[in-house]
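Structure first, commentary second.
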Amino acid sequence: MQLTSEHKILAESARRFVQQEIDPHVEQWERERIFPARELFRKLGALGLLGVTKPEQVGGLGLDYSYAAVVHQELGRCLSGGVPMAIGVQTDMATPALARFGSDEVRQRFLAPAVSGEMVACIGVSEPDAGSDVAAIRTRAVRDGDDYVISGSKMWITNGTQADWMCMLAVTGGDHRHRNKSLICVPLRDEDGSRYPGVSLTSKIEKIGMHCSDTALLSFDEVRVPVRWRIGEEGEGFIYQMQQFQEERLFAALSTIGALEQALAETEDYVRERRIFGAPVLNNQVVHYRLAELHTELAGLKALTWQGVESVVAGEDATPLASMAKLSSARLARTLIDSCLQYWGGMGYSSESAISRRYRDSRLWSIGGGADEVMLGIICKHLDLMPGGTEGDRR
Amino acid sequence: MKVLVAVKRVVDYNVKVRAKSDQSGVDLANVKMAMNPFCEIAVEEAVRLKEAGKVEEIVAVSVGPDAAQEQLRTALALGADRAILVRHEGESEPLGVAKVLHKLVEREQADMVLLGKQAIDDDNNQTGQMLAALMNRPQGTFISELNIDGEQVSITREVDGGLQKIRFQLPAVITVDLRLNEPRYASLPNIMKARQKPLDAVDPAELGVDLEPRLAVLKVTDPPVRQAGIVVETVADLVDKLRNEAKVI
């Protein structure tokens, strides 16, 4: 894809933002197991980075996905994977369906403040007993007059302890498991910042990586929400969510590309400086050949992912390409960062090196946002390779 | 008031540059380029003056290859009103650039020229001073503070051993130091709006300026690798080494 000078200036602006507003604080935020989402999102919102593709009526720029894509790549360079992931939840996981199908009222109430950074959003699909098998979720939203009464719990919720509202997938009634769910904007806090009635934080989950990103288990006990805060039609939530997963997958692939380019650059700097047996580590053929292989694989990933971006821009169904890009990026992250870490020697195994954090953080992407196995199932379906009777629910 | 701001395309400050193996210069193949950080500060100051109502128009100027349009577009996104690219491939030397700027100051009837105190590629720190000489107008260099009251300019400049405050009349040339301001980020709405702003390109010949280098670069090499340090046991050892090996005391 031919990038314009606007893409390049945007990328430069996003890169500088990461270097100056995020990276210097990463050590502290990782230690504290939280980053200040509200404060950071307001700054991002002021630069227009939370609403690149969102409609102008809600304060977005209404640009095509390629502009968001260059931002995602730059965010991925961040020294912590947790911060870009949290931003991705706001821009590409919790809000695409709302932008596409939400009524004016619900978009003004929930989307506009997510674009400006005044509110922090999260996405509520996974539950303690259902993750990859999305159709198996059990949280129910029962109609009572003009309200839904919601009961259930949502697990692995990124931004969960800080979020103001959740884009929640809940069962609203009906027999067919793909036609009995709806997406609903559920407030998690009142305007004064206290918990919305019936919402409780059951636990904050500790993880092997993504330390500065908060991950929560949230419980909903007869939470009342007006029916008009539903996104689009009742019963269409599963379909909307499946569409919304395309942005999520491309976000994962694009931010991983940024992280991997950065991992290679950091490693190359290190092996040029670090000497062994009287010469730079880089001078060993096993090292420079391996780096060449990794660059080659990364170039392949980039080509695949940007084909997915072009497909979105062209208005096509990007599901197969986005799923392939997500799978491929998660797997390359595991091998590429592991190879890089090896050449850092003892420093690579110490917590203070950037590469060791990338190693821990990147492991998530073969699990989060649709596990590798889910991507494989989806790709099989599109290739018509799925044997009858074993189909997964995610397209 | 009209302000001219100079903008140079240079190697990004994060890049660790390396000398070419034939020692003819710095290896620029596939190296990330960006706006010179001091130029960013100059643009930012011009934009702040405009926001304060003291400047009506900001014209960003770059002497460089076509690719330098990117840096000019960035200046437009940051708040410049229009831009002029003076097309030139290869090295540009301070005197040539000063001559170009001099011609443009005359053509544009600019009241003030804001420049970075130096560009981080060659670190010459000469263009602003040469321009002031060519214009035969006052110069305020390495400034960390700028106040404008009508035709009167008061600046604080960073000099060895302290700060110096001076006053002079416009038109004038001002070169900025690091502590003058913290440049903003180009916001996405402003990046998109900048597409509509005019960017003209001219050849140095049209301005009657010859940009051919006057200097010959003999060779460019990496700095020598520093020897590893040692830990001395006692203060007496240290004094002994300083006196007898380093011969500094």
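Quick test of your reading of the structure: A:Leu3 fulfils all but one of (1) in a helix (DSSP H, G or I); (2) more than 9 Å from chain B (Cβ to nearest Cβ); (3) out of contact with any helix residue (DSSP H, G or I) (no Cβ under 6 Å at 6 or more places or on another chain). Name the failing condition by number.
Only one criterion is unmet by A:Leu3, namely (1).
Filter segment A:6-51 down to the residues that are of a type in the set (Val, Ile, Thr) and either touching a residue at least 40 places away in the same chain (Cβ under 8 Å) or more than 11 Å from chain B (Cβ to nearest Cβ) (or both) and list them by number.
A:Val18, A:Ile22, A:Val26, A:Ile34
For the structure I just gave you, tell me whether B:Ala80 is assigned to a loop (DSSP other than H, G, I, E, B), in contact (Cβ under 8 Å) with a residue 24 or more places away in the chain and either within 14 Å of another protein chain (Cβ to nearest Cβ) or buried (at least 22 other Cβ atoms within 10 Å of the Cβ) (or both).
So B:Ala80 passes the test.
Suppose we filter B:Val61, B:Val55 for residues that are at pLDDT 95 or above and part of a strand (DSSP E or B); which single one remains?
From the options B:Val61, B:Val55, the qualifying one is B:Val61.
Per-residue answers, yes or no, for (1) under 31 Å from the mean Cα position of the chain (by Cα); (2) modelled with pLDDT of 95 or more; (3) outside the structural domain of A:Pro96 (by TED's automatic domain parsing):
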{"position": "A:Thr267", "(1), (2), (3)": "yes, yes, yes"}
{"position": "A:Ile276", "(1), (2), (3)": "no, no, yes"}
{"position": "A:Glu293", "(1), (2), (3)": "yes, yes, yes"}
{"position": "A:Glu316", "(1), (2), (3)": "yes, no, yes"}
{"position": "A:Ser329", "(1), (2), (3)": "yes, yes, yes"}
{"position": "A:Asp338", "(1), (2), (3)": "yes, yes, yes"}
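Which residues, counting only those in segment B:185-226, are in a loop (DSSP other than H, G, I, E, B), within 14 Å of chain A (Cβ to nearest Cβ) and surrounded by fewer than 10 Cβ atoms within 10 Å (Cβ to Cβ)?
Selection gives B:Pro223, B:Val225, B:Arg226.
Kindly indicate which of A:Gly117, A:Gly173, A:Gly131 is among the small types (Gly, Ala, Ser) and buried (at least 20 other Cβ atoms within 10 Å of the Cβ).
A:Gly117
Within segment A:117-134, identify whether any single residue is over 22 Å from A:Arg33 (Cα atoms) and over 22 Å from the mean Cα position of the chain (by Cα), and answer yes or no.
Within segment A:117-134, not a single residue is over 22 Å from A:Arg33 (Cα atoms) and over 22 Å from the mean Cα position of the chain (by Cα).
Quick one: is A:Glu74 within 14 Å of another protein chain (Cβ to nearest Cβ) and under 21 Å from B:Pro183 (Cβ atoms)?
Spelling it out, A:Glu74 is indeed within 14 Å of another protein chain (Cβ to nearest Cβ) and under 21 Å from B:Pro183 (Cβ atoms).
Identify all residues within segment B:83-103 that are assigned to a loop (DSSP other than H, G, I, E, B) and free of Cβ contacts under 8 Å to residues at least 40 places away in the same chain; write none if there are none.
The one that is assigned to a loop (DSSP other than H, G, I, E, B) and free of Cβ contacts under 8 Å to residues at least 40 places away in the same chain: B:Glu89.
When the residues of segment A:288-317 are narrowed to those that are assigned to a helix (DSSP H, G or I) and over 23 Å from A:Glu74 (Cα atoms), which ends up nearest to the other protein chains (Cβ to nearest Cβ)?
A:His288
Taking A:Leu218 as meeting all but one of (1) assigned to a strand (DSSP E or B); (2) in contact with an Asp or Glu (Cβ under 6 Å, 6 or more places away or on another chain); (3) hydrophobic (A, V, I, L, M, F, W, C), write down the number of the exception.
Against the list (1) assigned to a strand (DSSP E or B); (2) in contact with an Asp or Glu (Cβ under 6 Å, 6 or more places away or on another chain); (3) hydrophobic (A, V, I, L, M, F, W, C), A:Leu218 comes up short only on (2).
Every residue, every condition in (1) away from every other protein chain (no Cβ under 14 Å); (2) of a type in the set (D, E, K, R); (3) touching a strand residue (DSSP E or B) at 6+ places or on another chain (Cβ under 8 Å), yes or no:
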residue: B:Gly150; (1), (2), (3): yes, no, no
residue: B:Val153; (1), (2), (3): yes, no, yes
residue: B:Asp160; (1), (2), (3): yes, yes, no
residue: B:Ile166; (1), (2), (3): yes, no, yes
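For segment B:40-53, give me each residue that is buried (at least 16 other Cβ atoms within 10 Å of the Cβ) and more than 14 Å from chain A (Cβ to nearest Cβ).
Answer for segment B:40-53, where residues must be buried (at least 16 other Cβ atoms within 10 Å of the Cβ) and more than 14 Å from chain A (Cβ to nearest Cβ): B:Ala42, B:Glu45, B:Ala46, B:Val47, B:Arg48, B:Leu49, B:Lys50.
Considering segment A:141-154 alone, what residues qualify as being buried (at least 21 other Cβ atoms within 10 Å of the Cβ) and more than 19 Å from A:Tyr240 (Cβ to Cβ)?
none
Return yes or no: is B:Gln129 more than 14 Å from chain A (Cβ to nearest Cβ), touching a Ser or Thr at 6+ places or on another chain (Cβ under 9 Å) and surrounded by 16 or more Cβ atoms within 10 Å (Cβ to Cβ)?
It is true that B:Gln129 is more than 14 Å from chain A (Cβ to nearest Cβ), touching a Ser or Thr at 6+ places or on another chain (Cβ under 9 Å) and surrounded by 16 or more Cβ atoms within 10 Å (Cβ to Cβ).
Tell me, yes or no, whether segment A:256-271 has at least one residue that is away from chain B (no Cβ under 14 Å), under 30 Å from A:Leu188 (Cα atoms) and touching a residue at least 40 places away in the same chain (Cβ under 8 Å).
Yes, there is a match, as at least one residue in segment A:256-271 is away from chain B (no Cβ under 14 Å), under 30 Å from A:Leu188 (Cα atoms) and touching a residue at least 40 places away in the same chain (Cβ under 8 Å).
How many residues are of a type outside the set (Val, Ile, Thr), assigned to a helix (DSSP H, G or I) and touching a strand residue (DSSP E or B) at 6+ places or on another chain (Cβ under 8 Å) if we restrict to segment A:249-287?
Adding up the residues that qualify gives 2.
Taking segment B:220-235 as the region of interest, how many residues are over 24 Å from the mean Cα position of the chain (by Cα) and either closer than 24 Å to B:Leu95 by Cα or of a type in the set (D, E, K, R) (or both)?
2
The values are calculated or read from the model by the stated rules, or taken from the named source; none is laboratory data. Remember, predicted model here, so these are calculated numbers, not experimental data. Cβ atoms come from the backbone with ideal geometry, glycine included; neighbour counts cover every protein chain shown.
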